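Colleague: Structure below; questions to follow.
The values are calculated or read from the model by the stated rules, or taken from the named source; none is laboratory data. Being a predicted model, the structure only gives us computed values, none of them experimental. Heads up, the Cβs are rebuilt from the backbone with ideal geometry, glycines too, and the neighbour counts pull from every protein chain shown.
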Amino acid sequence: MNVRLTKEQKIKVLNSNDIYAIMQQVLLRENKIRRNQEHFWVVGLDNQNKILFVELIGLGAVNRVNANPPDVFRMGIYKLAVKMILVHNHPSGNIEPSNEDRDFTDKMLKVGALINIEVIDHLVISETDYTSFGDKGIIRELQGSGLFEIVEREKEEIKAWKLRLERERAVKARDIEIASKMKDDGVDIDIIKKYTGLTKPEIKKL
């Protein structure tokens, strides 16, 4: 689920505190009940470290949320992100990374390297504080660990999945271009929807 950001929040990221300042606001927008669940977000950046999107990809139990590589990287491929920051909250308030957090990050680092989206940090946040894998040297440690390696079969599956997404993105971009031209020519929205497959809200935004 895409997280709405204000224009002021779509900043150039200079450090982990910049990300936490935004993600703390996102977390605090949730009601108390939802804040007692783990959330997992991905933040996509362009090559200038400017935020392209924040996507909520998982909402789990008090101490667990499940996410897999297609969930994590799908929006990054669609939005042409070149870097990504992982963020999740610990409702307990304990911001120390767990072994599971480290293992998950290790896997995402290796998948990201394979599809050319660099995972540059992972933040564990609470309502009042955060821990940055980058600041603590965990990212650098995991990059050189060799603990998680992608086998050849998985590499082929990941590359094929990325190619499918890139093709879907190209088709969507073509449909948007056609719809934009039809709208400029005064074609009725229902007709545009019929021939492009776009939704009415998507067409109205053009």
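Colleague: Being farther than 27 Å from P70 by Cβ and surrounded by 15 or more Cβ atoms within 10 Å (Cβ to Cβ) narrows it down to one of K193, K162, K200, so name that one.
Modeller: After applying the criteria, what remains is K193.
Colleague: Does E127 satisfy being more than 21 Å from R169 (Cα to Cα) and not in a helix (DSSP H, G or I)?
Modeller: Yes, satisfied.
Colleague: Please give the number of the condition K50 fails out of (1) crowded, with 20+ Cβ neighbours inside 10 Å; (2) of a type outside the set (S, T, Y); (3) modelled with pLDDT of 90 or more.
Modeller: K50 satisfies every listed condition except (1).
Colleague: Taking L45 and the conditions (1) more than 22 Å from A67 (Cα to Cα); (2) of a type outside the set (S, T, Y); (3) at pLDDT 90 or above, which numbered condition does it fall short on, given that it satisfies the others?
Modeller: Result: L45 fails condition (1) only.
Colleague: Further question on the same structure: Kindly indicate which of I33, I115 is closer than 20 Å to I158 by Cα and out of contact with any Asp or Glu (no Cβ under 8 Å at 6 or more places or on another chain).
Modeller: Answer to the selection: I115.
Colleague: Considering I125, I115, I139, which residue is surrounded by 14 or more Cβ atoms within 10 Å (Cβ to Cβ), in the same structural domain as N31 (by TED's automatic domain parsing), hydrophobic (A, V, I, L, M, F, W, C) and touching a residue at least 60 places away in the same chain (Cβ under 8 Å)?
Modeller: Just one listed residue meets the conditions, I125.
Colleague: May I pose another question? Which of the residues spanning the range 78-92 are modelled with pLDDT under 90, of a type in the set (A, V, I, L, M) and surrounded by 15 or more Cβ atoms within 10 Å (Cβ to Cβ)?
Modeller: Matches in the range 78-92: none.
Colleague: Oh, and also: Would you mind finding the one in R153, R169 that is part of a helix (DSSP H, G or I), surrounded by 14 or more Cβ atoms within 10 Å (Cβ to Cβ) and of a type outside the set (F, W, Y)?
Modeller: R169
Colleague: So I95 fits all but one of (1) within 22 Å of the chain's Cα centre (by Cα); (2) surrounded by 14 or more Cβ atoms within 10 Å (Cβ to Cβ); (3) part of a helix (DSSP H, G or I); what number is the exception?
Modeller: Of the numbered conditions (1) within 22 Å of the chain's Cα centre (by Cα); (2) surrounded by 14 or more Cβ atoms within 10 Å (Cβ to Cβ); (3) part of a helix (DSSP H, G or I), the odd one out for I95 is (3).
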